[in-house]
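The values are calculated or read from the model by the stated rules, or taken from the named source; none is laboratory data. Bear in mind the structure is a predicted one, so any value in this text is a computation, not a measurement. All Cβ positions, glycine included, derive from the backbone under ideal geometry; neighbour counts span all protein chains shown.
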Amino acid sequence: MRHLTVGIAALALMTLAASVQAHDYKVGALNLDHPWARPTPPAAPVAGGYVAITNTGGAPDRLLHVESDLSTSAQVHDSSVVDGIARMRPLDGGLAIEPGQTVRLEPGGMHIMFMKPARRLVEGARFSAVLTFENAGAVTVEFTVQKPGNEPPPEAGHQGHGG
Ligand SMILES: [Cu+2]
């Protein structure tokens with residue numbers, strides 16, 4: 001019994017250690033790798049959230065909406081640079097993830113935009129959000145607040161093939 005308790009404590013510690021590094025989630029045929037958000041200045045009007053979503057199934061899926069206690073409204077945005085000016089717009093109809101595809105939400109590209117965040121995001125903090133997909137359903141994930149460029153290295157064998 002004592003041995004079992006120690007084992008569980010060790011497991012809990014290992015889980016804790018892993019949680020400050022990469023973290024990922026599965027829902028249906030989707031893998032969500034390392035949700036993270038940028039630290040924000042005080043009273044920032046928006047906060048950007050990022051995650052890589054891989055569709056391991058045989059049917060397309062789409063991210064329909066995002067809810068979080070961080071903000072009353074969150075949207076999926078696409079970014080583009082037009083005449084040297086970065087612009088973003090909400091993705092109509094959600095974010096499609098085709099079978100076998102990994103869609104990376106990252107700075108300068110598509111992202112989740114938390115509107116009017118209720119609090120400042122400081123490095124090392126976490127917040128949760130519910131991502132709802134058309135087929136896979138809803139999944140609660142934790143976003144880690146970190147500076148861009150601090151992402152853990154991609155797992156071996158998970159790198160893209162260029163393009
Ligand atoms: Cu945006």
### Task
Can you tell me which residue within the stretch 67-115, out of those that are in contact (Cβ under 8 Å) with a residue 40 or more places away in the chain and among the β-branched types (Val, Ile, Thr), is farthest from Arg38 (Cα to Cα)?
Ile97
### Summary
Subset of the stretch 22-68, residues farther than 22 Å from Ala136 by Cβ and loosely packed, with under 15 Cβ neighbours inside 10 Å, comes to Pro41, Pro42, Ala43, Pro45
### Task
Look at Val139 and say whether it is assigned to a strand (DSSP E or B), in contact with an Asp or Glu (Cβ under 6 Å, 6 or more places away or on another chain), at pLDDT 95 or above and surrounded by fewer than 19 Cβ atoms within 10 Å (Cβ to Cβ).
no
### Task
Please indicate, with yes or no, whether at least one residue in the stretch 73-92 is within 13 Å of the chain's Cα centre (by Cα) and either modelled with pLDDT under 90 or of a type in the set (Phe, Trp, Tyr) (or both).
no
### Task
Report yes if some residue within the stretch 55-71 is over 14 Å from the mean Cα position of the chain (by Cα), away from the ligand (no atom under 14 Å from the Cβ) and of a type in the set (Lys, Arg); otherwise report no.
yes
### Message
If I filter the stretch 84-103 down to residues being among the hydrophobic types (A, V, I, L, M, F, W, C) and not in a loop (DSSP other than H, G, I, E, B), which single residue comes out as surrounded by the fewest Cβ atoms within 10 Å (Cβ to Cβ)?
### Response
Ile85
### Query
Out of Val81, Val76, which single residue is farther than 19 Å from Thr54 by Cβ, assigned to a strand (DSSP E or B) and either more than 14 Å from the ligand (Cβ to nearest atom) or β-branched (Val, Ile, Thr) (or both)?
Val81
### Query
Restricted to the stretch 142-163, and to residues that are part of a loop (DSSP other than H, G, I, E, B) and among the polar types (S, T, N, Q), which residue is modelled with the lowest pLDDT?
Gln159
